[in-house]
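For reference, the structure discussed in these notes is given below.
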Amino acid sequence: MSEDLVDKVMAEVMKKVSPRLGDGAPSARPAVTEFVGTNRLGDSIGLVIANVDSDLLAMMRLERDYKSLGILGARTGAGPQIFAADEAVKATNAEVLSIEMARDTKGGAGHGSLVVFGAEDVSDARRAVEVALAELDRTFGDIYANDAGHLEFQYTARASYALQKAFGAPLGRAFGITVGAPAAIGVVLADTAVKASTIDLIGYSSPAHGTSLTNEVIAAFSGDSGAVRQAIIAAREVGMPLLAALGTQPESASTPYI
Amino acid sequence: MSEDLVDKVMAEVMKKVSPRLGDGAPSARPAVTEFVGTNRLGDSIGLVIANVDSDLLAMMRLERDYKSLGILGARTGAGPQIFAADEAVKATNAEVLSIEMARDTKGGAGHGSLVVFGAEDVSDARRAVEVALAELDRTFGDIYANDAGHLEFQYTARASYALQKAFGAPLGRAFGITVGAPAAIGVVLADTAVKASTIDLIGYSSPAHGTSLTNEVIAAFSGDSGAVRQAIIAAREVGMPLLAALGTQPESASTPYI
Amino acid sequence: MSEDLVDKVMAEVMKKVSPRLGDGAPSARPAVTEFVGTNRLGDSIGLVIANVDSDLLAMMRLERDYKSLGILGARTGAGPQIFAADEAVKATNAEVLSIEMARDTKGGAGHGSLVVFGAEDVSDARRAVEVALAELDRTFGDIYANDAGHLEFQYTARASYALQKAFGAPLGRAFGITVGAPAAIGVVLADTAVKASTIDLIGYSSPAHGTSLTNEVIAAFSGDSGAVRQAIIAAREVGMPLLAALGTQPESASTPYI
């Protein structure tokens, strides 16, 4: 009997205290006009400001001025939100005006994020945020984490403006990233990917250069669609056992899509 | 019976492992002459150096040289410590010589802090630290946190030198800040506050600009006393349901004062 | 009986959820040629790339180009890894090419790290990583942590190239560091050490200057062997009760060596 009890209590406790990508059951929908929605993945929240204050707008360092802003923020994740934002700008009349990456992840090794969309019409800003929130279910699919770190893989057949702004991705070409934390693993992911097929390495970020001091190496690749995908998959195959060597088998935060 | 037991164990466990702003019961008072005191809020510690080594002083990048230093440090919180330091410089013969904000909060989304006071006389440095430690009980009052993030609101009817140094607050005028984490929520707080009354937005910090890469947007406001207070309260009313949408109802770390 | 059960469950749970410097039992050795080994201290992993891709090499900002790279990465700790790397360069034909410090520690107040070694021959790169991984058992010895922060002390009788690169240590002379988190404690450690014996204070880093925004003050000392050691020991004696004032008695992560 006592073993059962121990298991039961353990299950309850681990549910409450283990590292989570989101906070489980959301509360009631807030009665605030700015609220668009949330996604439990990454503690992501979507907001909209229909007519932003002009003094505030002037301080926000946005690329262009729009009166309506869509805002996507998250405690955990920048890659998933940026790839989701990329789909949002493809699908709507909104632009991406700024992308900032906090050193966050609720104690993990990576980034949180703040993405600001702009649109002439608040319905377009809202729509961009809605699309991005929904896309997160997919873009969290190839994040694999354990207590010692995480791996992230992203891929798109056609990069748009969010990926151009965040990573310098060439517009319209296939694009992907590999991320490893602790950063040592990310170095090997980068080397594996660039050797696996004929692609262009267009970015390399490490704790002291190009990240927000995260314990990650982020490599970015552009090229033909099949080649980029093959490179990302090769890196994933090498990365999983390396991260597993530091702890438990890493698990996907959602459903893998690559 | 077994349900009772589960609850009992859960209570014990959560007491030990849930995120805390402080570490509960302090140990015995250390027999170290530099020790002034602690405040469990934010794991805050107050220290004093009666006659600082001159080589060390030369490396500390302080605004002025004093032989006696008061030191206030914390794992969690920068706003509460800075507002508390502001009361300390009003109440004593000490000056604020430097304010630094670490990316910390024991895994949360915000800042820890290091405030250095200087005085000609060690008793003045000590007094400044004592006042600041005591003020923390108040200045943690309008911090509201859940597992997904936090909100912070601060207000003073009359800003002094610590707030001038940290935020560029005009001396002698009412001053307040709104802070939201994840940063997306902080954008809406800023917009709400600046629209709620006739005040001056004098600062806007975000993950990539003006913070230590925290997942926060911090807005700073100056103006007439009633107007600043009204703006801060309006932002708090909008922020609470937004943060609650990501998790549990946020709770005050102490007793609200605004 | 129920008390026993509570204790038993508590022990299980705390094992799983309490802050750890490593992840306990590693998984099976990964079948990846780049893998060298791990050390559970700091979630440290050692990797090697026999013949690094030239495009990647060009982006890695290394001091010199080598075709074989050794890589040491960790979630928790930079001091232990750098002092371990220093032993590795003394003992092998490898060079240290870069040292980066992430803002990490799995939610703690300090740094994670990424150290890259280079060698003409992959066996030399591998050997450097192996030596460094093994040295971590020693260099984690004078790290003392509780839930409120940590202290770190390191000492070597003869500094080599890794310590020169990371801290500007004069080659061949005795060298040591004191680290305190929250940073306030580190200020007192620095002052105590520099007053305790005739040594040179050659570095002082704080949250806003010289760290990766960690909540630490790191002081670096050079001088005669006995004097540096004596200074470090004096600082440790003052630091332990100060950190204990914020929580439980700090415990060594391994076996103290100073």
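The values are calculated or read from the model by the stated rules, or taken from the named source; none is laboratory data. Remember, predicted model here, so these are calculated numbers, not experimental data. Note: ideal-geometry Cβ built from the backbone for every residue, glycine included; neighbour counts use all protein chains shown.
Across region C:89-118, what is the total count of residues that are farther than 21 Å from B:Arg75 by Cβ and out of contact with any Leu (no Cβ under 8 Å at 6 or more places or on another chain)? Counting residues in region C:89-118 that are farther than 21 Å from B:Arg75 by Cβ and out of contact with any Leu (no Cβ under 8 Å at 6 or more places or on another chain) gives 8.
Quick grid of which residues meet (1) touching a Pro at 6+ places or on another chain (Cβ under 7 Å); (2) closer than 17 Å to A:Arg40 by Cα; (3) not assigned by TED's automatic domain parsing to the domain that holds A:Leu47:
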| site | (1), (2), (3) |
| --- | --- |
| A:Ala84 | no, yes, no |
| A:Ala91 | no, no, no |
| A:Ala157 | no, no, yes |
| A:Ala169 | no, no, yes |
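The set of residues in region B:187-212 that are facing chain A (nearest Cβ under 7 Å), of a type in the set (A, V, I, L, M, F, W, C) and either in contact with a Pro (Cβ under 6 Å, 6 or more places away or on another chain) or within 25 Å of A:His111 (Cα to Cα) (or both) comprises B:Val187, B:Val188, B:Ala190, B:Ala208.
Test A:Gly180 against the stated conditions and say whether it is in contact (Cβ under 8 Å) with a residue 60 or more places away in the chain, surrounded by fewer than 21 Cβ atoms within 10 Å (Cβ to Cβ) and either aromatic (Phe, Trp, Tyr) or not in a helix (DSSP H, G or I) (or both).
Judged against the criteria, A:Gly180 is not a match.
Right, A:Glu135: more than 12 Å from chain B (Cβ to nearest Cβ) and of a type in the set (Asp, Glu) or not?
yes
Here's the yes/no breakdown for (1) at the interface with chain A (Cβ under 7 Å from one of its Cβ atoms); (2) over 19 Å from A:Asp191 (Cα atoms); (3) at pLDDT 90 or above:
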site	(1), (2), (3)
C:Pro19	no, yes, no
C:Gly42	no, yes, no
C:Ser68	no, no, yes
C:Ile71	yes, no, yes
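Just one of the listed residues (C:Ala253, C:Ala219, C:Ala231, C:Ala227) is more than 12 Å from every other protein chain (Cβ to nearest Cβ) and free of Cβ contacts under 8 Å to residues at least 60 places away in the same chain, and it is C:Ala227.
Go through C:Leu133, C:Leu114 for me and flag whichever is closer than 19 Å to A:Asn215 by Cα and surrounded by fewer than 24 Cβ atoms within 10 Å (Cβ to Cβ).
Working: C:Leu114 fails: surrounded by fewer than 24 Cβ atoms within 10 Å (Cβ to Cβ).
Exactly one of C:Leu133, C:Leu114 is closer than 19 Å to A:Asn215 by Cα and surrounded by fewer than 24 Cβ atoms within 10 Å (Cβ to Cβ), namely C:Leu133.
Can you tell me which residue within region C:87-111, out of those that are of a type in the set (A, V, I, L, M) and assigned to a strand (DSSP E or B), is surrounded by the most Cβ atoms within 10 Å (Cβ to Cβ)?
Looking at residues that are of a type in the set (A, V, I, L, M) and assigned to a strand (DSSP E or B), I get C:Ala102.
B:Val6 falls short of the stated requirement of being facing chain C (nearest Cβ under 8 Å), modelled with pLDDT under 90 and either more than 23 Å from B:Leu69 (Cβ to Cβ) or crowded, with 19+ Cβ neighbours inside 10 Å (or both). Hey, among the residues in region B:199-245 that are farther than 16 Å from A:Leu57 by Cα and polar (S, T, N, Q), which one's surrounded by the fewest Cβ atoms within 10 Å (Cβ to Cβ)? Applying the filter and picking the extreme gives B:Ser225. Inclusion of C:Ala157 among residues that are of a type in the set (Gly, Ala, Ser) and crowded, with 22+ Cβ neighbours inside 10 Å is not warranted. Note on region A:119-130: residues that are crowded, with 24+ Cβ neighbours inside 10 Å and small (Gly, Ala, Ser) amount to 2. Within region B:49-66, the set of residues being within 9 Å of another protein chain (Cβ to nearest Cβ) and closer than 22 Å to B:Gln81 by Cα comprises B:Ile49, B:Met60, B:Arg61. Examine region B:51-66 for a residue that is assigned to a strand (DSSP E or B) and at pLDDT 90 or above, and state whether such a residue exists. Scanning region B:51-66 turns up no residue that is assigned to a strand (DSSP E or B) and at pLDDT 90 or above. Per the listing C:Gly210, C:Gly172, the residue uniquely out of contact with any Lys or Arg (no Cβ under 8 Å at 6 or more places or on another chain), among the small types (Gly, Ala, Ser) and without any contact (Cβ under 8 Å) to a residue 24 or more places away in the chain is C:Gly210. Number of residues in region A:183-224 that are over 15 Å from the mean Cα position of the chain (by Cα) and either of a type in the set (Ser, Thr, Tyr) or not in a strand (DSSP E or B) (or both) equals 26.
The residue list A:Ser44, A:Ser68 contains one member that is of a type in the set (Gly, Ala, Ser), under 30 Å from B:Thr198 (Cβ atoms) and not assigned by TED's automatic domain parsing to the domain that holds A:Ser160, which is A:Ser68. All conditions but one from (1) of a type in the set (A, V, I, L, M, F, W, C); (2) buried (at least 24 other Cβ atoms within 10 Å of the Cβ); (3) within 14 Å of another protein chain (Cβ to nearest Cβ) apply to A:Ala162; the one that does not is (3).
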